[in-house]
Structures are given as structure tokens and as C-alpha cells.
Amino acid sequence: MRLFYFSFLIFITYGLRLFSQSFEPTELAIVGNHRIYIEEFKARYIDYLVATGIKDNLTVRQAMLNSMISELLLLHYDDNSNIFSNDEYTKEISWVTKQSSLAYLKEQEVYAKIEVSDEELRKTFVRVNENLAASHLYAQTLEEAEYLYNFVQMGVDWDNLAAQVFSDSILRNNGGHLGYFTWGDMDPSFEEAAYNLQVGEISKPVQTKNGYSIIRLEDRIPRPLLTEYEFQNKKSNIEQTLRLKKKFEYEKKYINSIFNESKYSLHQESLDKIIEYLRLSDIEKNESNIKISNETAVVKYGDMKFSEQFIVTQLNQIPKYHKTRINTAEILKTVIKGIIMQQLLYAEVVKNGYDKVPVVLESSDKLQKQVFFRYKMQNVLSDVQVSDSLLKIFYEKNLSSFKYPDEMSIHEIIIENKSRADSIYELLVNGEDFGKLAVSFSLRKASAQNDGVIDYSEISKFGNLRKEFWESEIGKLIGPKEIYGYYGIFRVLGKREGRQKPFNVVKKDVESLYKFENKKLLLENYLKKNKHNIKILINTNVLYSINFL
């Protein structure tokens, strides 16, 4: 829980009494019937110092303890019935509880079993000191990739194939060239294949996280004179990185040991019924003729059958912020398969007793509290009434936050290499027509077909260059600027400052921003207003004398 939310003047708010007696040796504070233990405080405090970079001092210690006391008061001594009866809250609590167990399963059965040999470390050390340049052809499926590979083997022009498979204008026009990279920059499977190629050699289809690639190695630049001393110095970091890169491979291997794709089947008619049912509102569901069966199996996995009702129930247990992403039939299919996988994985959790391990229970409790305090904060802020006069003052002080976006129109030419970009820049300086050069040379066809003009667009569209463009004089040449290995020449054609949004149009946005920026004060006021007659004791001698070394 962020200290920012719950660090208040508790000593004033609750008339806190400070004591240094009546404590067990392990206790730092007593809040009603609840205890804050020294080790609990130390763990929380150290995490906070590491995350923020703040140095230990008595003020920060007191603020952290205040925060923990506030949390106990809000959780155990405030009216939270509307939260605990909230279906979405219940779903999220169930979700994070299960995820804690599954995360521990992954740690024990996957990550703990990752092995890295000395031979791998040495091979990787060489690769870290080597730069490769490669081009690739991309396909979404293995079937498409094999077609492409056959065309390459038949001698079909690589650049022509790239022009057909890429929607990105730059890759479409440069033969899928990715520029130079080194070990750790690319997808692990892509890298492994690329490093095993000779210059000019072409790989068979390689499966990556995003699809399939056929790779052609264009160049290899090794660094000479590598020493054993350098290897030993970097060995630990390389091993850590290798373990991270192997996670996906080991996860996949473990999932395949639990879930056998050949045993899985989906009943299309039941799936269509579920899709139609999920699109209905709650009222429409009650009035609909669609009946979700507890007998008809929508999924079979080996001898196991999962009914329509079971799947709908599981889907309804997914928190809203995840559920909103299930917006196509294909995504729903993937989610249903994920539900079955999770059932099988959770069976492994229970079989191994991982759901009862103290570290899992501790992790689950921490996540549950995070969910609770998020809902609590939302409830407190939603109940706060802010006067129009105060909101108008806030609006006037933050006018720039309530404007329509600034817009710009620019000329652009995107070139594949620096030398050609410099040559075109010189032509422009000498008076050549920008539009004609854009049509002839720019790689981004969408703008090239419009004489290099990008019509008025929100300033955010121009990414890291937006500030420089906005501050540039109209018509002044800018560049060449390197952009992801390519070079751009630009000039601003026009600027339009965003109009101010009237207060009555953005009143809700003003209120939301006001509450967000003042949530600490608003929550402090809430605590003062809703005083709790709870006895609070603090072992001040211990608080000030804890040694964190």
C-alpha cells in the first residue's frame, strides 16, 4: 500500500496516546484488538525505502507507522459493508488469492528448475560482444511461414516477399531489415536462430512470441580479444539474464506437461450460445430464450467435461477490468482454454499443498489488502462533495489540463540511411521542392503519396519530436533525425493551439482531477470526520531505536 495514501497526522486526528510499556517484545503498536509487529514494520519500511530511494529518518518511520495504523482503522473499524458486499470486490479477492498460489507453483515447478551450464554462459559471453544485422519475413501462422520459406527456396525475390507480408511501410520497403542488434535485444527464439546463422544464410521458420520469422543474417561484427577476466566479471549478470530468457521456454515445457492439446475439444454450438448470452444485459438475460445448460458440455478434456454453466460461472468470476477485453469470439476461445488450463494447474497447487504455504498466504493477504484499499479509496473519494466554487478555482489554476489538444501539420521525408538523408537535406537547402523529393524518396508511403504532408494531427502523434516541432519556426528544416534506425527530415507547415474547454463541459473531469491531486488531504479529512474511539498505543522507544543494518 502506498505510504502516500495513508500517512496522516494520526497523533492529532485520534488524540493518540504514546506508551512504552504493556508490549510484548515483538510488538511495535497496538490498535484496538490488532497488533503491528516489529518485523512486519521493518519489512514494509525497508521495501518503501528501496522503492523510493528515501533515506531512513525518524519522520519517515513515524509516517510509515501512521500509515499502517490508518490501514488497520479503515479495514477493521470503519463501515465497509458496501465493499464486502460488492460482487466485483469479491471476484478480485478470489482472483488474487488464486493467482498467489499459481505464482508460487510457477516459482517452484518452473523457475527453480531452470538450469544454466558453463558452456551456455561462455557462448552467451561471446554473443554479448557481437553485433548482428538481420532481415526477416513475418507470418502469423506456421503454414504461412512455410509457404514463404518455400518461395525463398525457389528464388523468389526477398524484397518482393517483404513488400507483401509487412503492413509497416518501412519494413515493407526495406526488405524487412531490422538493423543491428546484440544479445538480449530481440525475442530469445529469434536471437538463437540468428546467432547460429552464417552471413547470407537464411533460417527455416522460427516461432517467436508474436508469430513466425524467416531470418536472413546480413552482417556479423565480433569484438576481438575477449579475456577470461572479463568473463568472470560478467558471469553472474549473464547467468541472471539467461535465467530470465529461459523462463518462457520452461513455462511452455511445464504447461505442455500439464495440458495436452490433443485431449482438448470445444463444442462450437455451445460456444456460439455462450457468446450470444454474454452479449445480453442482465435484464435481457432474464427475458431471453437462451438457456445455459448445466448438463451440456462446452469443453471436453480427456474424460473431463465442463458444462456451459460452469464456463459461464468461471467467466463471471473474472474481474471486470480483465473481462472487458473479451470482445471477440477468438479471444473468448483463448480465455476458455485458459480457464481449463488454470483448473489443471490449480489442481497441482492443491496436490502439492502450495495454497497452504506461509509465503503464499502472506502474499495473498498483501494482495487482498491492496484490493481493499483501492476500493476504499474509490468509495471515500466518490462520497466527497466538492463545491462548484472550489472546482472553478481549481479549473482556473489548471487551464492547460482542460484544453483540446494542440495540433500540427508537417512535411516529412523518411530515408533508410544517413548518407542519403544528408544528400536530400542538401537538395532541400538548395531550393529543391520538398513534396517532389518526398514522393520520390520517402519510405512512409501514407505521407509520400500526399507530397510528404501530414495534415493537422494531435501533437502527441509526433512522439519524442513533438516538443522540438512545436518550438520550431514555421518552414524551417529539421533533421536529419534518427528514428529507430531510419532518418527523417521535417519542417512544420502549421500549428494550432488547442481551444480551452468550458468549465460546464469538463466539470466531471475537473472534479476527478481535483480529487486525484488532493486524495491525501481528502482521506485525512475523512478520518478526522469519522473518528474511531479506538485505543492506540505506540512503543516509541522501539520505533526510534530499530536498527535496519
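Please say if segment 404-496 is rounded, prolate or oblate, where rounded means a/c under 1.5 for a ≥ b ≥ c the square roots of the C-alpha gyration tensor eigenvalues, and otherwise the choice is prolate for a/b larger than b/c and oblate otherwise? Verdict is prolate for segment 404-496. Model label sites at residue 272 and residue 107, defined 7 Å from Cα along the beta-carbon direction, differ in position by 4.7 nm.
Taking Cα centre as origin and charging only the Cβ of basic (Lys, Arg, +1) and acidic (Asp, Glu, -1) residues, the dipole magnitude of segment 109-242 rounds to 200 debye.
List the pairs from 106/305; 204/445; 351/376; 252/305; 91/392 whose alpha-carbon separation is above 32 Å, in the order I gave them.
Working: 106/305 26 Å; 204/445 30 Å; 351/376 35 Å; 252/305 24 Å; 91/392 38 Å.
Among 106/305; 204/445; 351/376; 252/305; 91/392, the Cα-Cα distance tops 32 Å for 351/376; 91/392.
Radius of gyration over Kirkwood radius for segment 323-458, both on Cα atoms: the Rg/Rh ratio is 1.27.
Note on segment 114-197: Rg/Rh from C-alpha atoms, Kirkwood Rh, equals 1.05. Mean sequence separation of contacting Cα pairs (under 8 Å, at least six apart), scaled by the length of the chain, corresponds to a relative contact order of 21 percent.
Using 1/(1 + (r/R0)^6) with R0 = 51 angstrom and r between the beta carbons of residue 450 and residue 295, what's the FRET efficiency to the nearest 0.05? List each step's numbers first, then the result.
On the way: r = 60 Å, r/R0 = 1.18.
In this case the efficiency is close to 0.25.
Evaluated on the chain, the Kirkwood hydrodynamic radius is 29.9 Å, with distances taken between all distinct Cα atoms. On full extension, the segment bounded by residue 82 and residue 264 gains 61.4 nm, given 0.36 nm per residue less the C-alpha separation. For segment 501-547, the Kirkwood hydrodynamic radius from C-alpha pairs, put into Stokes-Einstein at 4 °C and a viscosity of 1.567 mPa s, yields a diffusion coefficient of 90 µm² per second. Spin-label model, residue 398/residue 35: points 7 Å from Cα along the beta carbon direction are separated by 4.4 nm. What angle do you read, to the nearest 10 degrees and between 0 and 90, between the alpha-carbon axis of helix 358-383 and the longest principal axis of the chain? Tilt relative to the chain: about 90 degrees.
Using the number of other C-beta atoms within 10 angstrom as an exposure proxy, rank 444, 325, 61 with the fewest first.
Numbers: 444 19, 325 10, 61 16.
Neighbour counts put them in this order, fewest first: 325, 61, 444.
The stretch between residue 369 and residue 317 holds 16.8 nm of extra length on full extension. This uses 0.36 nm per residue minus the Cα-Cα distance.
So if we plug the beta-carbon distance of residue 327 and residue 140 into 1/(1 + (r/R0)^6) with R0 = 22 Å, what FRET efficiency do we get, rounded to 0.05? Mind showing how you got there, number by number?
Numbers: r = 19 Å, r/R0 = 0.88.
Result of the calculation: an efficiency of 0.70.
Applying a DSSP loop filter and a limit of 11 other Cβ atoms within 10 Å to the chymotrypsin sites (Phe, Trp or Tyr not before Pro) in segment 449-510 leaves 484.
A convex hull fitted to the Cα coordinates of segment 118-256 yields 118 cubic angstrom per residue. Here the extension length gained between residue 423 and residue 240 equals 61.3 nm, from 0.36 nm per residue of separation less the Cα-Cα distance. When the Cα gyration tensor is reduced to axis lengths a ≥ b ≥ c, the ratio a/c is 1.5 or higher for segment 261-340, and with a/b not above b/c it is classed as oblate. Convex hull volume of the C-alpha atoms in segment 226-311, normalised per residue: 172 Å³. Taking a ≥ b ≥ c as the square roots of the eigenvalues of the Cα gyration tensor, segment 41-107 is oblate, since a/c reaches 1.5 or more and a/b is not larger than b/c.
Since every read-out is calculated from the coordinates, none of them should be taken as a lab result. None of the values given here were measured: they were computed from a predicted structure. Every residue, glycine among them, receives a Cβ derived from its backbone with ideal geometry; neighbour counts consider all protein chains shown.
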